[in-house]
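One structure below.
The values are calculated or read from the model by the stated rules, or taken from the named source; none is laboratory data. Just so you know, these numbers come straight off a predicted model, no measurement behind them. As a convention, Cβ positions derive from the backbone with ideal geometry for all residues, glycine included, and neighbour counts pool all protein chains shown.
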Amino acid sequence: MFRASFKADFANTVLSVVLFTLAALSAPLFAVLLGALANSASKDASDAKLITYALLLGATAGVGIVVREIAWKVVQIAQERTAHLLDVEILGAVMSVPGIEHHERPEYLDNLSHLRSEHWMISQGISMILSSVTIAMQIIATVVVLAAIHPLLVLLMLFSAPEIWANSKAEKIRMTGMMELREEWRRSDNALDLIVGAGPAKEVRVFGLADEILARHAESSRKSYDREFGDRLRGVKWILGSRLLFAVAYIGALVFITNETIHGRESIGMLLATMALTGSIVGQLGQAARYVTWYSYASTAVKRYLWVIDYRAESDVDGVGRAPERLEKGIRLDHVAFTYPGTDHQVLEDVDVFLPAGRTIAVIGDNGAGKSTLIKLLTRMYEPTSGTIVVDDTPLQEIDPTSWRDGLSAAFQDHAKLELIASESVGVGDLPKVTDVDLVDRAVRRGGAVDVVERLPQRLETQLGAQWEGGVDLSGGQWQKVALARGMMRDPLLLVLDEPTSALDAETEHALFERFAEAARTRTKDAGTITVLVSHRFSTVRMADLIIVLSEGKVVETGSHHELMTKQGLYAELYDLQARAYR
């Protein structure tokens, strides 16, 4: 936590250390000066001496107040910058993992979810550390001064021990309740999202769900607040009991020192100093107890943070070579098998197929056949469980993932809706050329999105997304065309089209894929581009140079449309079934 704060804001962190130290010393110094002033007054000291003590006393109090105020302002700046640094580091760790396995691993998602709600504990570490040091210094200074007044007064600290235990117990009860209520709070937040979110708004109204959702939100909130109030009440009972015990000891200490003063064994100044110091012990030790409990929970957030950072470090895949400038031969999947982490089901089994350079490849099969998984392996979102993917003569695992993806382009069924300026939403498909107007225009034409752009009020300068000022929302099909155009920005080695036209009609899809196939043949001269398309519409895939038929994770047939129809196998059966449905 200290490292993060120094890294985020070195100057303000150092300044915070200095200011908190000065603030820590002001309280015991005030008590000592108060005692000195009282002693001087009782001994008929000179006016100058009394005025000096009074000025020092006032200065100590004033400086203490000012220093504490400045210290908290400074440390808040450091905390905000630390929180920003942690956000960047956490998001960077998530985004820099080469594959996407972590996005689908429950353990990772659970740690990340908790970390997102708890990382403020790490950012507040600097203030908690300094506050803890401040309290420790104050306690030590208080004990030293009390021992100097009378050694027996140190025994008062023993009666403060229950206060530490009680505060720790109360805080533990409260924090445990918060942890156990997390799911209930999520239910409440989820209900709020359903009420205020634009996505579910139509179904909420059509099915008359508003009252039900509000009732569930109220119920979750009530459970949470009731539990939190009950936990706080239980904690207060322990704290009141411990403070009652200390109050008895505190009164005894005052009676004792007062008696010593009456009999001349102690001065009036020492009496006043004792009253000031003993009154502050309860607050000091109570805070110390809360800090100890806070550290125990903050350490959990730190462990999760380190787990995410370590996961990133351990997720580096092999491969330092560069991707080829062009494909000369093609891509071979050599007896490739794949099983998703944490499962026993083999999604792909002994896939042995060659994708020739400069060809359009169609992949078909029933739902769950392994089509999208094959795409994930080709784009290196996952590594094969066994077998090898070879690019020309180089195993894919020997190629740097970033270099490989620089030679890829794609459009997916579950595409991102990038609510940017329209030209940017398309142009980020080749980020270094996002401002190249001619290239963006070409991509729009290739992706069949000309009609979408022409309907926008400011064409490519239009803000997409209704939630932004002046923004325009698009239909599902229009968003898909924008995603297709984005995939057309590059002239890649491998173009992946994973059911990217599912929201379009069959005629539009057919026309688009004809354009893709023609573009692929054009790009072949320069890069030997392989275009891999996944679609359920056989009228589209029949134009591919090579069709791969998957069934239960295995390649059962390969060939052109004519060759597969001649075989009268699974492809021919599925083709005839779909064709009859359109008659």
Exercise. Report the residue count in the stretch 362-386 for those that are in a strand (DSSP E or B) and surrounded by fewer than 18 Cβ atoms within 10 Å (Cβ to Cβ).
Key: 1
Practice problem: Go through (1) surrounded by 14 or more Cβ atoms within 10 Å (Cβ to Cβ); (2) at negative phi one by one and return the number of the condition residue 465 breaks. | Solution: (2)
Exercise. Identify, by number, the condition in (1) surrounded by 18 or more Cβ atoms within 10 Å (Cβ to Cβ); (2) at pLDDT 80 or above that residue 540 doesn't meet.
Key: (2)
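Suppose the filter is aliphatic (A, V, I, L, M) and more than 32 Å from the chain's Cα centre (by Cα); does residue 434 pass it?
Details: aliphatic (A, V, I, L, M): yes; more than 32 Å from the chain's Cα centre (by Cα): no.
In short, no.
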Quiz item: Looking only at residues in the stretch 520-537 that are surrounded by 22 or more Cβ atoms within 10 Å (Cβ to Cβ) and hydroxyl-bearing (Ser, Thr, Tyr), which one is modelled with the lowest pLDDT?
Solution: 535
Quiz item: Residues 323, 298, 337: which one is under 30 Å from residue 162 (Cα atoms) and modelled with pLDDT of 75 or more?
Solution: 298
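Would you point out which residue out of 71, 24, 11 is in a helix (DSSP H, G or I), under 21 Å from residue 125 (Cβ atoms), among the hydrophobic types (A, V, I, L, M, F, W, C) and modelled with pLDDT under 75? Explain how you work it out, then say what you get.
Values: 71 fails: modelled with pLDDT under 75; 11 fails: modelled with pLDDT under 75.
Just one listed residue meets the conditions, 24.
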Quiz item: Out of (1) outside the structural domain of residue 333 (by TED's automatic domain parsing); (2) closer than 24 Å to residue 493 by Cα; (3) part of a helix (DSSP H, G or I); (4) more than 26 Å from the chain's Cα centre (by Cα), the odd one out for residue 429 is which?
Solution: (4)
Exercise. Given the conditions (1) touching a strand residue (DSSP E or B) at 6+ places or on another chain (Cβ under 8 Å); (2) farther than 24 Å from residue 560 by Cβ, report the number of the one that residue 358 does not fulfil.
Key: (2)
Exercise. Determine whether the stretch 415-422 contains at least one residue that is touching a strand residue (DSSP E or B) at 6+ places or on another chain (Cβ under 9 Å), surrounded by fewer than 14 Cβ atoms within 10 Å (Cβ to Cβ), over 28 Å from residue 380 (Cα atoms) and at pLDDT 85 or above.
Key: no
Exercise. Tell me, please, whether a residue that is hydrophobic (A, V, I, L, M, F, W, C), crowded, with 21+ Cβ neighbours inside 10 Å, at pLDDT 85 or above and part of a helix (DSSP H, G or I) can be found in the stretch 353-361.
Key: no
Quiz prompt | Output for the stretch 93-144, where each listed residue is modelled with pLDDT under 70, touching a Pro at 6+ places or on another chain (Cβ under 9 Å) and in a helix (DSSP H, G or I) | solution = 101, 104
Exercise. Take residue 231 and decide whether it is touching a Lys or Arg at 6+ places or on another chain (Cβ under 7 Å), at pLDDT 75 or above and not assigned by TED's automatic domain parsing to the domain that holds residue 476.
Key: yes
